[in-house]
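To start, the structure itself, in structure tokens.
The values are calculated or read from the model by the stated rules, or taken from the named source; none is laboratory data. Quick caveat, the model's predicted, so the values are computed rather than measured. Virtual Cβ from ideal backbone geometry, glycine too; neighbours counted across all protein chains shown. Accessible surface is based on the protein model in full, side chains and every heavy atom, while ligands, DNA and RNA are left aside. Shrake-Rupley method; radii C 1.70, N 1.55, O 1.52, S 1.80 Å.
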Amino acid sequence: VPSDPRVLTPYSDASREKGSKTGSGFGAWAIIDNIFFYTEGRWDDAEVARLDINTLELVAMNIGSFTFLREAERRGRRIDHLIEFTDNTAAEFAAERGKPKAARLGELVTRRYTALLAAGVYGATERVASEDNDIADGLSRGADKLADALRLAAATLLPIQRLEPHEEWRDTSHLMHF
């Protein structure tokens, strides 16, 4: 975790398992002011049916990052650099390079870049190996995996706080027409 309080480093993940309501979702976490913050939720049936995993991974990254940026702002913290970690190469490339080939990813990147520019935040995205993204993965899968992820978070000995996902970034309705 960077020691500079102006840098935010969220980790995110999405899961998409057709036929599994609890196993299909999103999760993200970040440490702000020595508090372990996380956000998580389940995709609905339409999202699982219509949106591919690469799109869901970038949605999960946006949900996490913008939820945590809002919390940092609420706490009076000025974030000017965002270093995001994902285990999905397509989401990483789309966010980092800004030139995705898929229309849905392009829509997400355009909204994301506009919001980051307006907030004065510089972003970088890094790939993290899936086995090293175990907390975000557990958050995204719900049920027992969510409980396991929270046990891992508790091992940090930091206070743990769940945040509701940022509504604007949780809404995927604009992606359904592609």
> When all C-alpha to C-alpha distances in segment 1-90 are sorted into bins of 10 Å, what percent of pairs does each bin hold, rounded to whole numbers?
Replying inline: 18, 46, 25, 11, 0
> Lys101: which aspartates and glutamates have alpha carbons under 16 Å from its alpha carbon, excluding same-chain residues fewer than 8 sequence positions away?
Replying inline: Asp52, Glu57, Glu92
>> Relative contact order for segment 1-102: what percent, with Cα pairs under 8 Å and sequence separation of 6 or more?
In response: 33 percent
> Along segment 107-124, what does the Karplus equation 6.51 cos²θ - 1.76 cosθ + 1.60 (θ = phi - 60°) give for ³J(HN,Hα), rounded to whole Hz, x for Gly and Pro?
Replying inline: 4, 5, 5, 4, 4, 5, 5, 4, 5, 5, 4, 4, 8, x, 10, 8, x, 9
>> Quick check for you: with a 1.4 Å probe and neighbouring chains kept, what is the accessible area per residue of segment 64-154, in Å²?
In response: 51 Å²
> Can you work out ³J(HN,Hα) from phi for every residue in segment 86-101, in order, using Karplus 6.51 cos²θ - 1.76 cosθ + 1.60 and θ = phi - 60°, giving whole Hz and x for Gly and Pro?
Replying inline: 9, 9, 10, 4, 4, 5, 4, 4, 4, 5, 6, 9, x, 9, x, 7
> From the phi of every residue in segment 126-140, what ³J(HN,Hα) in whole Hz does the Karplus formula 6.51 cos²θ - 1.76 cosθ + 1.60 yield, where θ is phi - 60° and glycine or proline is x?
Replying inline: 10, 8, 10, 4, 4, 5, 8, 10, 5, 5, 4, 4, x, 4, 6
> Under 12 Å from the Cα of Lys21, which aspartates and glutamates turn up, not counting those fewer than eight places away in the same chain?
Replying inline: Asp44, Asp45, Glu47
> Hey, any idea what % of segment 102-178's accessible area is carbon plus sulfur with a 1.4 Å probe?
Replying inline: 56 percent
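Which shape class applies to the chain: rounded if a/c is under 1.5, otherwise prolate when a/b exceeds b/c and oblate if not, where a ≥ b ≥ c are the square roots of the Cα gyration tensor eigenvalues?
Verdict is oblate for the chain.
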> Which trypsin sites (Lys or Arg not before Pro) does segment 53-126 hold that lie in a coil by DSSP with at most 13 other beta carbons within 10 Å?
Replying inline: Arg75, Arg78, Lys101
